[in-house]
1. Give the residue from 210, 138, 342 lying farthest towards the positive end of the charge dipole for the chain; charges sit on Cβ (+1 for Lys and Arg, -1 for Asp and Glu) and the dipole is referred to the Cα centre.
2. About the Cα centre, and with charges only on the beta carbon of Lys, Arg (+1) and Asp, Glu (-1), how big is the dipole of the stretch 135-176? Nearest 20 debye, please.
3. Give me the extension gain from residue 320 to residue 77: residue separation times 0.36 nm, minus the current Cα-Cα distance, reported in nm with one decimal.
4. With a Förster radius of 51 Å, plug the Cβ-Cβ distance of residue 308 and residue 89 into 1/(1 + (r/R0)^6) and report the FRET value to the nearest 0.05.
5. Working out 0.36 nm times the residue gap between residue 459 and residue 145, then minus their Cα-Cα distance, what length gain in nm do you get to one decimal?
6. Give me the dipole magnitude in Debye, nearest 20, for the chain about the Cα centre, with unit charges on the beta carbon: positive for Lys and Arg, negative for Asp and Glu.
7. Let me have the relative contact order for the stretch 340-462, percent, based on Cα pairs under 8 Å that are six or more residues apart.
8. For the chain, what does the relative contact order come out to in percent, with C-alpha contacts under 8 Å and a separation of six or more?
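The values are calculated or read from the model by the stated rules, or taken from the named source; none is laboratory data. Since the model is a prediction, treat every value here as computed from it, not as a measurement. All Cβ positions, even for glycine, are placed from backbone atoms using ideal geometry, and neighbour counts span all protein chains on display. Accessible surface is based on the protein model in full, side chains and every heavy atom, while ligands, DNA and RNA are left aside. Shrake-Rupley method; radii C 1.70, N 1.55, O 1.52, S 1.80 Å.
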Amino acid sequence: MHRASFTPDTSQMSRRLFLTAAGAVSLGAALTACGGSDGGSASTAKPAGQADIDKAMKTPTELTFWTWVPDIKQEIALFEKKYPAIKVKVVNAGQGVDHYTKLRTAIKAGEGAPDVVQMEYQAIPTFTITDSLLDLSPYGASKLKDTFVDWTWGQVSGPKGEIWAIPQDTGPMGMLYRADIFDKHGIEPPKTWDDFAAAARKLHKADPDVYLTNLAANEAAAWHGLLWQAGAKPYATSGKSDVSINVDDAVSKKLAAYWGGLAQEGVIGVEPDFTDAWFSALNKGKYATWITAAWGPVFLSGSAKSTAGKWRAAPLPQWDAAKPSSGNWGGSTSAVIKATENPIAAAVFAQFLNSDPESAKLFSTKQSFFPATKPLLTDPSFAGDTSAFYGGQKVNQLFAEIGETVSPDFQWPPFLDQAVTDWTETVGTSLARKKDTVAALDAWQTRLTTYAKKQGFSVQAP
């Protein structure tokens, strides 16, 4: 999705859909993708001293920044005000697959790539394996670790202390629910997934036209977020060619049996999300909850206006109520391309854009992004904000608390689009057709493993 964005204007909401995330990359491509520009000093960067930084930031320079973020001029202006010698040229190269395809093409050609680029968390491994991103640790980024939510730092960090990007926004997952429907049927917000399943059966039996939720059979992003919450570790990468694929382990099969079972019982919906029919269903009360992320509350308030005041927010139901956890769905970062001729200026820009308090707050208030910085998440003006759409509830504070339960250990594969394509054609299809989702996991594992081996990766046994 362009971004699991908080904008209430749905015409701006080209969601950060997994299916249009980073493209696949073969091992052979990984060895050649960085041909062209040698990147100058960025390729063998030594720690930049303050004198080096001061000099670079006073040298007239133009940075090119590829981003799909709408109306980002104010954040850019803050940076240019602090560093008047540096000008930032903003380019919207597209969203999703278009954005990443153009980026890979420019990197491989050795010309036309930006200095700084918008990049989703799940896309980072696709570009680190091709050695396309600049390690920001020599440019002072390590000092920002405590500024950001812990799990986001885990997403942008490498095994040897590399820092591949600076977090910008996040999407910790929670549950939005219709309080009026719950009250009518005597349902409490479910604390566990067992409670959730019982509520789904109770509600649909009482009113066959209403379902507790819809698990979109086209939404690999949400599935990965639920895997994350459940503690699954479907992927791991070591070095340039060793990968672990484990999408059918016991945790994943528990998840598949749960959701596949509810789908087969007919007590949840499985229609595609973000369609006219889906929007209509939310407005008409067909679904009593939406399993979503922190960008969901603002999006819903602009998409289901007729239901204002009827919704509330809650954490996801838990597999183990004694160990609260959640997953993430959405969010992005600012990364620097390794071949940049201006590594210091680009690194400083990426850091300033996302860590400067005023800039970070603008992303929250202007673009309605859910923050990645700890100071903003605890700022009373943000955390204490109440929404009439949610009955005066402090929704921001709730999702900030949920964000603290997201594990920092979840990893992504270096061939994300293939993982998503294979998920859609196996697990997603099983949900849509109400077939055996556990068996579909095995098919997903086989397809993805076969693909990885054909691309030259060494697939480690689970």
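1. Toward the positive end, the furthest listed residue is 210.
2. It comes to approximately 80 debye.
3. So the extension gain works out to 82.8 nm.
4. Plugging the Cβ-Cβ distance into 1/(1 + (r/R0)^6) gives 0.80.
5. 109.9 nm
6. 240
7. On the way: 67 pairs, mean separation 12.4, N = 123.
After rounding, I find 10 percent.
8. Numbers: 935 pairs, mean separation 132.6, N = 462.
Dividing the mean separation by the residue count of the chain yields 29 percent.
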